[in-house]
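See structure below.
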Amino acid sequence: ATHRAVVRACQSVSRGRAWFSTANGAVESLGRGRLELILGPMFAGKTSALLKRIRDEEKKGRSILVVKSAKDTRYATDSVVSHDGDSRKCLAVSLLCDLPEAYLQGVDVVAVDEGQFFPDLLHYCELFADDGRTVIVAGLDGDFRRKRFGQVVDLTPLADTVVKLNSACAVCGSPAPFTARTVEETGQTLIGGAESYLPMCRRHYLEHGLGSVSSSEEADEEIRNKTLSAANK
């Protein structure tokens with residue numbers, strides 16, 4: 001009777017959860033999932049932190065599906081790769097709804113890199129976590145204008161844990177929560193690395209024109225070299 005009451009209560013929430021129709025499975029997995037967010041600017045070590053969490057879960061004997069956006073082709077098309085070269089094979093898709101059902105069978109953990117690029121991130125991360133899986137998402141919480149980027153921030157009210165990482169300011173070395181763009185491109189999405197972006201503290205972000213850096217090529221090159229050096233440490 002208690003189980004039926006729990007399932008009825010869940011079904012009364014209009015979320016379109018087909019898995020609630022299986023009473024025993026729903027009750028067994030209810031409340032066991034987790035949603036973990038790893039946020040920050042570029043060069044903050046988000047992917048490295050994600051890969052560490054993946055290894056931690058593997059040590060527990062858990063089955064893991066690693067996913068990244070097909071838009072991210074910077075280092076490899078079939079791997080999640082950090083700036084320091086750490087990597088892990090993954091499935092690259094444009095939408096989380098494109099994940100084949102067969103890949104999700106028996107999966108305990110879904111790890112998502114570059115979460116800001118998935119337009120259906122909110123729905124599927126909530127679905128996976130409520131279905132009893134551990135979901136770990138790494139992504140940018142803001143763009144180069146310090147505006148909301150994708151649905152990453154929308155996951156915050158649903159998350160069990162939120163880790164906000166900083167990089168090191170490319171100008172002064174102090175904690176850098178923001179990402180500045182160094183090329184003349186105004187669209188929100190521009191795939192790139194140190195050739196297009198720099199991490200900055202609040203002061204230098206504001207001094208350099210609210211995320212649009214305008215300086216000499218030599219100064220840009222020096223800053224980029226510092227950024228790459230810091231990222232590889």
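The table that follows gives values for the structure above.
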item	result
Residue among Ala111, Ala138, Ala159 that alone is out of contact with any Gly (no Cβ under 8 Å at 6 or more places or on another chain), crowded, with 22+ Cβ neighbours inside 10 Å and of a type in the set (Gly, Ala, Ser)	Ala111
Where Leu95 falls short, out of the listed (1) aliphatic (A, V, I, L, M); (2) more than 20 Å from Val153 (Cα to Cα); (3) surrounded by fewer than 18 Cβ atoms within 10 Å (Cβ to Cβ); (4) at pLDDT 90 or above	(2)
Residue within region 50-64 that is on the phi > 0 side of the Ramachandran plot, at pLDDT 50 or above and either surrounded by fewer than 12 Cβ atoms within 10 Å (Cβ to Cβ) or not in a helix (DSSP H, G or I) (or both) present	yes
Hits in region 148-177 - residues which are of a type in the set (D, E, K, R) and free of Cβ contacts under 8 Å to residues at least 24 places away in the same chain	Arg148
Scan of region 166-198 for residues that are on the phi < 0 side of the Ramachandran plot, modelled with pLDDT of 90 or more and surrounded by fewer than 19 Cβ atoms within 10 Å (Cβ to Cβ), ordered by number	Asn166, Cys172, Ser174, Pro175
Condition met for Arg88 (surrounded by 14 or more Cβ atoms within 10 Å (Cβ to Cβ), modelled with pLDDT under 90 and within 16 Å of Phe128 (Cα to Cα))	no
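Every residue, every condition in (1) of a type in the set (Lys, Arg); (2) outside the structural domain of Ile64 (by TED's automatic domain parsing); (3) touching a residue at least 40 places away in the same chain (Cβ under 8 Å); (4) assigned to a helix (DSSP H, G or I), yes or no:
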residue	(1), (2), (3), (4)
Ala92	no, no, no, no
Ala102	no, no, no, yes
Val107	no, no, yes, no
His123	no, no, no, yes
Leu127	no, no, yes, yes
Gly132	no, no, yes, no
Arg146	yes, no, yes, no
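The values are calculated or read from the model by the stated rules, or taken from the named source; none is laboratory data. Please read all numbers here as calculations on a predicted model, not as lab measurements. All Cβ positions, glycine included, derive from the backbone under ideal geometry; neighbour counts span all protein chains shown.
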